[in-house]
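Here the structure is laid out as structure tokens; the discussion comes afterwards.
The values are calculated or read from the model by the stated rules, or taken from the named source; none is laboratory data. This one's a predicted model, so the numbers in the text were calculated from it and none came from an experiment. Positions of Cβ are backbone-derived with ideal geometry, glycine not excepted, and every protein chain shown enters the neighbour counts. Side chains are part of the model used for accessible areas, which takes the heavy atoms of the whole protein and leaves out ligands, DNA and RNA. Shrake-Rupley method; radii C 1.70, N 1.55, O 1.52, S 1.80 Å.
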Amino acid sequence: MKTLITGGTVVGPLGATPQDVLVDGETIAALYAPGAAAGVTADTMIDATGRYVVPGGVDVHTHMKLPFGGTFASDDFASGTKAAAWGGTTTIIDFAVQRTGEVVQDGLAAWHALADGNCAIDYGFHMIMGGVDDDALKAMDYLVAHEGITSFKLFMAYPGVFYSDDGQILRAMQKATDNGALIMMHAENGIAIDVLAAQAVARGQTDPIYHGITRPSALEGEATHRATVLAQVAGNTPLYFVHMSASEALAHVSAARSAGRNVFAETCPQYLYLTLEDQLGAPGFEGAKWVASPPLRPRDEPHRDDLWRGLRTDDLAVVSTDHCPFCFKDQKELGRGNFTKIPNGMGTVEHRMDLVYQGVATGKLSLERWVETCSTTPARMFGLYPKKGVIQPGSDADIVLYDPRATTTISAATHHMNIDHSAWEGFEIAGKVETVLSRGSVVVADGAFHGRSGHGQFLRRGLSQYLR
């Protein structure tokens, strides 16, 4: 089956060009200058007049069905990937989990079982290393060589759950230096945070806002610096900081990059828009809807402006979501009376492309940078390029038609994520995802979902293609 997309403007990191796109089967076959495809025959014609034609979004940080705080993230791979498709994301990379005392390969197998046959879009896995020991280090080599798992996440937070000490982090980084893998880091000083949180609860300060107050930005900055030093000692290990929220942390990444190091970072939409006072500090227990780690930052501090600047300067290379939704009823409510018991996470996988596009609409980002941070760079960073992240012959036909003239309003009443509230309720969006193709198949069009669970394929990834 051939599909010809005509009349649109193809956008990539190098520019925006009026072009027609021919899809043959699951891949892009050709690009044509306007009018040059007049004699081309196709089974399906799609009119993209007035639309941007962009590569499908690549969200490299999701947590479907993640166990946390005695419950599970409310989106599984079926509901979560369907919601992602609605929002123009055609690839996710989720996190398989190994906890202390568990076998790494068993954790990976468990995540394959959760995802296999359930995904509406293509997917890959990172590996969370919750217990760094000799066996886990050997498993890193095996996963890189045989399983297409080339990135490993470590935690400097959550003592007793996922936490690794500096010695464990150093050993994992040394292994990654040898096998070429990318180390992903949750950088918060979890030991100090636990002291501050316990002290707050003892004083009776139990409302959701104290989740943010007891996780100060200085402790994200300190952990970020410490991780960059450990990576340097380990031999300039490729290092990628997840969900960066703080100016102090960004400054350490910028300094490492200026020194020529392979240090990279992502941020998430919640840190670009939301604040500690306006969301976490909502009346009563409402702020629990926005409990995530790192937390939202105070509105009168420079973090949000600095993060937008980091996206422009490439100190922040990627925007992902850290999608980890929990319903307010029966899940977030587990933390009533004690903020430390609130499951951490928000639901954003459906809205990332729209929310970052608002930076284009308001002049904070270029059109090209929107595509670069949401599609092309994540594909390159995690070994998927040029299969994903670009519209060019030979690449997968993961294509989004985006209407910049449309407007939408985000609401729990209309979103497709399996969550009973929206972290973005009432946000007015300039622009709209109109049509989505995943490997040549139309999965969203005309306000309806046309995809299916099981369409998505597992992606065996290569090494990062973004190293300097």
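Got a sec? Charge dipole of the chain, +1 on Cβ for Lys and Arg, -1 for Asp and Glu; which of Ala73, Gln331, Leu137 is way out at the positive end? Of the options given, the answer is Leu137. The magnitude of the dipole of the stretch 2-61, with charges of +1 and -1 set on the Cβ of Lys/Arg and Asp/Glu and taken from the Cα centre, is near 160 debye. Size of the stretch 259-414: Rg and Dmax of its alpha carbons, in Å, are 17.3, 56. In the context of the full set of protein chains, the chain has a per residue accessible area of 35 Å² (1.4 Å probe). With point charges of +1 on the Cβ of Lys and Arg and -1 on the Cβ of Asp and Glu, referenced to the Cα centre of the chain, which listed residue (Gln174, His211, Val444) lies farthest in the positive direction of the dipole? Selected residue: Gln174.
Taking the Cβ of Phe339 as the center, what net charge do the other residues with Cβ under 14 Å away carry, scoring Lys and Arg +1 and Asp and Glu -1? So the environment of Phe339 carries a net charge of +2.
Considering only DSSP beta bridges whose two residues both sit in the chain, what percent are antiparallel, to the nearest 5?
Values: 33 of 70 bridges.
So the antiparallel bridges in the chain amount to around 45 percent.
What does DSSP give for the stretch 66-199 in terms of the percent of beta bridges that are antiparallel, rounded to the nearest 5? Numbers along the way, then the final one.
Working: 2 of 18 bridges.
Percentage antiparallel, nearest 5: 10.
Tell me the accessible surface of Arg99 in square angstrom (1.4 angstrom probe, heavy atoms of protein chains only), to the nearest ten. Rounded to the nearest 10, the figure is 80 Å². Here is how the number arises for the chain: DSSP H runs of 4 or more residues each give -39500 (n - 2.57), the sum is divided by the residue count, and the result at 222 nm is -8000 deg cm²/dmol.
Quick one: pull the percentage of alpha-carbon pairs in the stretch 146-223 with a separation above 15 Å. Write out the running numbers ahead of the final one.
Working: 1846 of 3003 pairs.
Considering the stretch 146-223, 61 percent of its Cα-Cα pairs are separated by more than 15 Å.
So for the stretch 280-364, if I pair up every lysine 8 or more residues apart or on another chain, how many of those pairs have alpha-carbons under 27 Å apart? Count of close lysine pairs: 5.
The portion of the accessible surface of the stretch 376-468 made up by carbon and sulfur, rounded to a whole percent, is 48 (1.4 Å probe; DNA, RNA and ligands excluded).
Here the accessible area of the stretch 176-256 is 58 percent carbon and sulfur, with a 1.4 angstrom probe and all protein chains present.
Please sort 285-295, 8-18 by packing, taking for each peptide the average over its residues of neighbouring beta carbons within 10 angstrom, highest first. Working shown, then result.
Working: 285-295: 24.1, 8-18: 17.6.
For the peptides 285-295, 8-18, the packing ranking is 285-295, 8-18.
Where both residues lie in the stretch 1-155, what percent of DSSP beta bridges are antiparallel, nearest 5? Taking every DSSP beta bridge with both residues in the stretch 1-155, the antiparallel ones total about 45 percent. Pairwise alpha-carbon distances in the stretch 224-310 exceed 21 Å for 36% of all pairs. Quick one: dipole size for the chain, taken about the Cα centre, charges +1 on Lys/Arg Cβ and -1 on Asp/Glu Cβ, in debye to the nearest 20. In total the dipole reaches around 420 debye. In summary, the convex hull built on the alpha carbon positions of the chain has an orientation-averaged projected area of 20.0 nm².
Using a cut-off of 12 Å between beta-carbons, work out the net charge of the residues near Arg439 (Lys and Arg +1, Asp and Glu -1, Arg439 not included).
Working: positive: Lys387, Lys388; negative: Asp24, Glu26, Asp122, Asp396, Asp398.
My count for the surroundings of Arg439 gives -3.
Run the dipole for the stretch 310-353 about the Cα centre, Lys and Arg Cβ at +1, Asp and Glu Cβ at -1, nothing else charged, and hand back the magnitude in debye, nearest 20.
Details: 6 positive and 6 negative charges, 48 e Å.
So the magnitude is around 240 debye.
For Val443, the amide hydrogen comes within under 5 Å of the amide hydrogens of Val436, Leu437, Ser438, counting only partners 5 or more places away or on other chains and with H modelled in the peptide plane. Which of the GluC sites (Glu not before Pro) found in the stretch 407-452 are loop residues per DSSP with 15 or fewer other Cβ atoms within 10 Å of their Cβ? Counting only loop positions with at most 15 other Cβ atoms within 10 Å, the GluC sites (Glu not before Pro) in the stretch 407-452 are Glu425. Ranking Ile149, Asn118, Gln19 by how far each Cα lies toward the positive end of the dipole of the chain (charges on Cβ) leaves Gln19 at the top. Computed over neighbours whose Cβ is under 9 Å from that of Asp141, the net charge equals +1, Lys and Arg +1, Asp and Glu -1. Share of carbon and sulfur in the accessible area of the stretch 296-357 stands at 43%, probe radius 1.4 Å.
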